[in-house]
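All of the numbers you see were taken from the coordinates with simple rules; none came from a lab. Everything numeric here is computed off the predicted structure, so don't read it as measured data. Please note: Cβ atoms are built from the backbone with ideal geometry, for glycine as well, and neighbour counts cover all protein chains shown.
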Ligand code: C5P
């Protein structure tokens, strides 16, 4: 979405590093740079050695906001180029990004100034791949792109069209207009600034004895992606988690194991929280009594008596403070929408994210997910198979919409 006419561009005053790597599409980086400068950004250009075979540094220097940097060693601009450029950036765009640059970034292989800049930054990164169709569709590239997406890197997919050498297919660098629009989206979306968010993630583990647990297959990846997306949009995020994945930057982690611990961690914070996303797979049953020692095999198979765990989400729904947005997840294997819809109503939720965990590549442990978003008074929205981070983005977009609608209602005195 481009900003409305009259609104300042979200790029105005922003320091944007434009990394240009060695593909034929490097010439289009000149136009991207010009458009960013026109929008009021300060463009810091970096070219790899290979990029210089395609366009001259003079051209890009003339159309960016400062001379092109190419050198890790003997860099005339700064004595510590490997960190300084990345630390000072509000956004980094790599356009075009070759298969080699994408692979190096995935690995953190910091052999040149651009790769050092990419791993010495906390700024958002947009990668705009451009290569021949065979390369774009090669499993190594597909895998590298999937990993970058999962980490929250914004990928501007290449278009289909004429490629170098007369070939036609997918792999052509996205248009300068699309690249700049992506930059506007990324820098414009601080739409959760100051909002407090709790996300639960992972499956709970309910002890049987001092070593055994009843667990489930949840990996926590979707919850972590939601936490990372919310944090990147300015929210103050607490992640209540049963798993040990890398903690997204800026997120506070609270480690728990059982449903009871998760309940305590969330309920003690819930009254002062704007948004709660229960992405965790909380056990529905737990052993009534827990042996304080390891049950012995020689004593025979134990009779384990189970009791229900507290339904954390239902409890939160019943005690929901005005203005709080409550989101649940529903992992179903049949009657997905009907079951999720009934949960939405029963637990007084504002949104439920339903996933059919029986479908291929969907749900537990996968890096991808396909979900249906259900709200009380809106048509269901289907999100087709996508990286969990992209699904997280759709969930957060919907939460932002719900908060905006509630704000309008408050202002017009409807509630
Ligand atoms: O009813 P069901 O367990 O399928 O609902 C799933 C949703 O409820 C998830 O968001 C999950 O985190 C939450 N839940 C809960 N406490 C439970 C069981 C599930 O908060 N004991």
Nearest-ten-degree value, helix 259-270 long axis tilted from longest Cα axis of the chain: 60
re region 121-213: pairs of Cα atoms spaced beyond 23 Å account for a percent value of 48
Assuming R0 = 22 Å, what is the FRET efficiency of residue 255 and residue 147, from their Cβ-Cβ distance, to the nearest 0.05? 0.30
Obtain the nm distance between the two label points defined at residue 271 and residue 408 by a simple spin-label model: each point lies 7 Å from its Cα along the Cα-to-C-beta direction. 3.3
Just how far, in whole angstrom, is region 280-332 from region 218-276 if you go by their alpha carbon centroids? 18
Could you give the length gained on full extension between residue 27 and residue 288, defined as 0.36 nm per residue of separation minus the Cα-Cα distance, in nm? 87.2 nm
Separation of the residue 296 and residue 338 label points, Cα + 7 Å toward Cβ, nm: 5.1
Compute the relative contact order of region 15-187 as a whole-number percentage, counting only Cα pairs closer than 8 Å that sit 6 or more residues apart in sequence. 22
Using alpha-carbon coordinates, inclination of helix 139-150 to the longest axis of the chain, degrees: 70
Please order 294, 28, 14, 221 by the number of other Cβ within 10 Å, starting at the fewest. 294, 14, 28, 221
For the Cα atoms of the chain, what angle does the longest principal axis make with the long axis of helix 26-38, in degrees from 0 to 90, nearest 10? 80
Whether the chain is rounded, prolate or oblate, judged on the alpha carbon gyration tensor where a/c under 1.5 counts as rounded: prolate
